[in-house]
Structure formats: structure tokens, C-alpha cells
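Take a look at the structure below.
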Amino acid sequence: MSQQLITALDCLDKAMRQLRLATLDIPYRREGFKGDHNTFVRSVAVLRTSLSYSRSQLEPKRRRSRR
């Protein structure tokens with residue numbers, strides 16, 4: 001399960017990089033784009049942070065070894 005989460009986070013990072021490259025030529029103040037863009041980026045950042053913190057909960061617990 002943890003590997004699926006890591007893959008999803010990698011895909012999310014790749015999509016955000018593509019979005020950044022796609023929006024380079026768009027004027028930020030045109031038709032409220034800057035506000036929409038900032039809202040979207042903040043929500044994605046919150047999602048990514050929450051998913052990243054939940055990774056420790058999904059990893060299997062290691063068994064204690066007896067000595």
C-alpha cells in the first residue's frame with residue numbers, strides 16, 4: 001500500500017511540474033487566473049502534505065526480534 005502512495009505522490013509532482021510549464025505564457029492577472037491558480041496550488045500542497053504524513057501509517061510494522 002505504501003508503494004502505491006509513493007507512486008501517486010510522484011505522479012502528482014510530475015503533473016504539477018507540467019502545469020507550471022504550461023502556465024508560463026499565461027498572464028497571471030487575466031480573468032482571475034492568479035487567484036484560481038493560487039487556490040489550486042495551496043489545496044494540492046495540503047493534499048500532498050497530508051498524504052506524505054500518512055505514509056508512516058501505511059508501512060507495515062516491523063516485528064521485534066527476540067534475542
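Please list, ordered by first then second residue, the pairs with beta carbon atoms under 7 Å, 6 or more apart or interchain, first in the stretch 1-13 and assigned to a helix (DSSP H, G or I), second small (Gly, Ala, Ser) and surrounded by 10 or more Cβ atoms within 10 Å (Cβ to Cβ). From the stretch 1-13, the pairs are Leu9/Ser52. Return yes when Leu12 is modelled with pLDDT of 90 or more and open to solvent by less than 60 Å² (accessible area, probe 1.4 Å) and no when it is not. The answer is yes for Leu12.
The values are calculated or read from the model by the stated rules, or taken from the named source; none is laboratory data. What you are looking at is a predicted structure, and each value in this text was computed from that prediction instead of being measured. Don't worry about glycine lacking a Cβ; one is built from the backbone with ideal geometry, like all the others, and counts go over all protein chains shown. Note: areas computed on protein heavy atoms with side chains; ligands, DNA, RNA excluded. Shrake-Rupley method; radii C 1.70, N 1.55, O 1.52, S 1.80 Å.
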